[in-house]
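**Student:** For reference, the structure I am asking about is given below.
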Amino acid sequence: MWRYRLQCFECQRVVPAHEAGFRCKTCGGLLEAKFDLAGKKEPDWNSRQPSVWKYRELLPIEKEKSIVSLAEGGTGLHHCKRLGRKLGLKNLFVKNEGENPTGSFKDRGMTVAISKARELGKKKVLCASTGNTAASLAAYSARAGMECIVLMPKGKVAGGKMLQVIMHGAKLIQIKGDFDQALEIAMKLSEQRRELYLMNSINPFRLEGQKTLAFEILYQLGRVPELVILPVGNGGNISAAWKGFSEFQQLKIVKNRPRMIGIQAEKAAPIARAVKSGQDKIRPIHNPQTIATAIRIGSPVNWPKVLSAIRESRGTAETVTDHEILEAQKDLATLEGIFVEPASAASIAGLKKLLEDGSVDRSETVVCVTTGHGLKDPSVLGRLPKSQTGYNLEITDGSRLEALERIL
Ligand code: F0G
């Protein structure tokens, strides 16, 4: 591992290793791990198998024996020619994070954060979640033999994710309220009870794992895409990806960085609202709504990092409706064989909108990140139009063949 220091994202104060908590004690800012990359050369990464740990020099784990892994990372970057043709775009790629062990990008961060927890001697881990963080944490804590507590908004989490949390033996606490309230409680709890180690994306070690998404995109594509489009909820992933692109630029592996585009659901879009109205702060949204429950978030904790990534990269943010999300989900599944959950399809829906209004040039190379697997949320079946849900024809004897042939 290369040397790093933990420091405040706002005031740059270096945070001593023994200082607990994930906020700067001076200004309350978010923390980040800063690697000292001056004079560093690209290690022999090409000789290693694709995975998060391939980039171990850039991950903040001191001892190899601390590593807890389920073989995360190394997900596919798929050239989507048929969907690209429909959208009028030649170079459309989908980085499909649903291919991770628990079915979402969270595993990239979780393998690093749980390894850090082990290195720090923690025995109990905690998170608030719209589902995927909880599913991932439940699996990794089971693998590490740690106790796991998750807080989730009651009635607002997709069925597959609930099943994962329960199956991995986490202590599931459902709260009346939304994700923002669950996170507030989790942050307070972890401050009061130091034995509970908080694993939300305010934990800077988690974002270090998530930044490997950017490294993989660059290696797999063999060049820097003009645009990277991600769904945004709490804002950890887009900030982590930007950090990853920036580190490869500092290492002189690439010259440029892509424009970062964040997509939010129309009624859960504090970041997109701030970007579009040129504000340098967000205004939280109360009672956010969307069928994309993973990104049903009104008060994203990582907003300063997100606004800075979008601004520095000359990117933007956009909103999409639930209808546009469902359409994009179906398009990606039928045209490319890639089944993603609604929140993930927001990146495709957002691209479509940006192409239509001329913000994206059709000659540009675009990578859409799809963040979670479609099987996580079977409730979508109930929302599909009847014409898409198949035929109701029971075949009992030969005479029904005629009816069958009529359908075919
Ligand atoms: N896509 C999916 C499938 C997610 O589960 C999430 C976040 C996001 C996108 C947004 O990522 O928060 O880094 O901006 N899910 C969190 C959870 C909040 O609890 O599982 P972000």
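**Student:** As an exercise, identify the trypsin sites (Lys or Arg not before Pro) in segment 248-324 lying in DSSP coil whose Cβ has no more than 16 other Cβ atoms within 10 Å.
**Tutor:** Lys252, Lys255, Lys267, Lys281, Arg314
**Student:** Ok, one more. Under a 5 Å amide H to amide H cut-off, with H placed in plane at 1.01 Å, what residues pair with Gly315 once short-range neighbours are removed?
**Tutor:** Met260
**Student:** Shifting gears a bit: Compute the separation of the alpha-carbon centres of segment 48-96 and segment 319-349 and state it in Å as a whole number.
**Tutor:** 20 Å
**Student:** Would you mind working out the accessible area per residue for segment 207-294, using a 1.4 Å probe, and quoting it in Å²?
**Tutor:** That works out to 37 Å² for each residue.
**Student:** Give a residue-ordered list of calculated ³J(HN,Hα) values for segment 301-307 (Karplus: 6.51 cos²θ - 1.76 cosθ + 1.60, θ = phi - 60°; whole Hz; x for Gly, Pro).
**Tutor:** Coupling constants for segment 301-307: 5, 8, 4, x, 5, 5, 4 Hz.
**Student:** Taking the chain as the reference, fit the longest principal axis to its C-alpha atoms, fit the long axis of helix 212-221 to the helix C-alpha atoms, and give the angle between the two in degrees, 0 to 90, nearest 10.
**Tutor:** Tilt relative to the chain: about 60 degrees.
**Student:** Something else about it: Please go through segment 335-408 and write out the GluC sites (Glu not before Pro) that DSSP classes as loop and that have at most 12 other C-beta atoms within 10 Å.
**Tutor:** Glu394
**Student:** Restricted to Cα positions, what overall size does the chain have along the principal axes? Three whole-Å values, descending.
**Tutor:** If we take the Cα atoms of the chain, the spans are 77, 47, 46 Å.
**Student:** What whole-number value in Å² describes the accessible area per residue of segment 331-408 for a 1.4 Å probe?
**Tutor:** Accessible area per residue, segment 331-408: 57 Å².
**Student:** Let's test the formula: R0 of 45 Å, r as the Cβ-Cβ distance of Arg273 and Leu408. What FRET efficiency results, to the nearest 0.05?
**Tutor:** 0.40
**Student:** At a 1.4 Å probe, what is the % contribution of carbon and sulfur to the accessible area of segment 150-255?
**Tutor:** Roughly 54 percent of what the probe reaches on segment 150-255 is carbon or sulfur.
**Student:** Given the whole protein assembly as supplied and a 1.4 Å probe, what does the accessible area of Met167 come to in Å², nearest 10?
**Tutor:** That residue has around 140 Å² of solvent-accessible surface.
**Student:** Hey, another quick one. Find how much the distance from Glu10 to Arg223 grows on full extension, using 0.36 nm per residue of separation minus their present alpha carbon separation; answer in nm with one decimal.
**Tutor:** Extending this stretch completely gives an extra 73.6 nm.
**Student:** Please get the size of the charge dipole for the chain, origin at its Cα centre, with Cβ charges of +1 on Lys and Arg and -1 on Asp and Glu, quoted in debye to the nearest 20.
**Tutor:** 1000 debye
**Student:** Anything over 31 Å Cα to Cα? Flag those among Lys90/Lys156; Lys124/Lys330; Lys161/Lys188; Lys123/Lys330, in the order listed.
**Tutor:** In this structure, Lys90/Lys156; Lys124/Lys330; Lys123/Lys330 exceed 31 Å between Cα atoms.
**Student:** Quick one: which residues, 5+ away or cross-chain, put their amide H under 5 Å from the amide H of Gly74? H built at 1.01 Å from N.
**Tutor:** Ser51, Val52
**Student:** In addition: Defining a contact as two alpha carbons under 8 Å apart and six or more residues distant in sequence, what relative contact order in percent does segment 3-108 show?
**Tutor:** Over segment 3-108, the number comes to 17 percent.
**Student:** Given H placed on each backbone N at 1.01 Å, which residues far from Tyr197 in sequence or on other chains put an amide H within less than 5 Å of it?
**Tutor:** The answer is Lys124, Val125, Leu126.
**Student:** Choose one of Ile263, Phe245, Ile285: the residue whose Cα lies farthest towards the positive end of the charge dipole of segment 215-287 (beta-carbon charges +1 Lys, Arg; -1 Asp, Glu; about the Cα centre).
**Tutor:** Ile285
**Student:** Sticking with this one: Could you look at segment 3-140 and say what percent of its accessible area is carbon and sulfur, using a 1.4 Å probe and all protein chains?
**Tutor:** With neighbouring chains kept in place, the figure for segment 3-140 is 48 percent.
**Student:** When DSSP beta bridges are limited to those with both residues in the chain, what percentage is antiparallel, rounded to the nearest 5?
**Tutor:** About 30 percent, rounded to the nearest 5.
**Student:** What FRET efficiency, computed as 1/(1 + (r/R0)^6) with R0 = 60 Å and r the Cβ-Cβ distance, is obtained for Leu381 and Ala38, rounded to the nearest 0.05?
**Tutor:** Using R0 = 60 Å, I get an efficiency of 0.65.
**Student:** So, one more: Please work out the average accessible area per residue across segment 9-90, using the 1.4 Å probe convention, and give it in Å².
**Tutor:** 56 Å²
**Student:** Residue by residue, what Karplus-based ³J(HN,Hα) values in Hz, rounded to whole numbers, does segment 310-324 have, using 6.51, -1.76 and 1.60 with θ = phi - 60° and x for Gly and Pro?
**Tutor:** Couplings: 5, 5, 4, 8, 6, x, 7, 9, 9, 10, 9, 8, 4, 4, 5 Hz.
**Student:** Helix 132-144 sits at what angle to the longest principal axis of the chain, using alpha carbons and giving 0 to 90 degrees rounded to 10?
**Tutor:** The helix 132-144 is inclined about 60 degrees to the chain.
**Student:** So what are the ³J(HN,Hα) numbers for segment 364-375, from phi and the Karplus equation (6.51, -1.76, 1.60; θ = phi - 60°), rounded to whole Hz, Gly and Pro as x?
**Tutor:** With the stated coefficients, segment 364-375 comes to 7, 8, 10, 10, 9, 9, 9, 8, x, 6, x, 5 Hz.
**Student:** Taking 0.36 nm per residue of sequence separation and subtracting the Cα-Cα distance, how much length would be gained by fully extending the chain between Leu120 and Ala20, in nm to one decimal?
**Tutor:** 34.9 nm
**Student:** Sticking with this structure for a sec: If I take R0 = 30 Å and measure r between the Cβ atoms of Ala71 and Ser363 in this structure, what FRET efficiency does the formula 1/(1 + (r/R0)^6) give, to the nearest 0.05?
**Tutor:** 0.25
The values are calculated or read from the model by the stated rules, or taken from the named source; none is laboratory data. As the structure is a computational prediction, the values presented were derived from the model and not from experiment. All Cβ positions, even for glycine, are placed from backbone atoms using ideal geometry, and neighbour counts span all protein chains on display. SASA here: full protein model, heavy atoms, side chains in, ligands and nucleic acids out. Shrake-Rupley method; radii C 1.70, N 1.55, O 1.52, S 1.80 Å.
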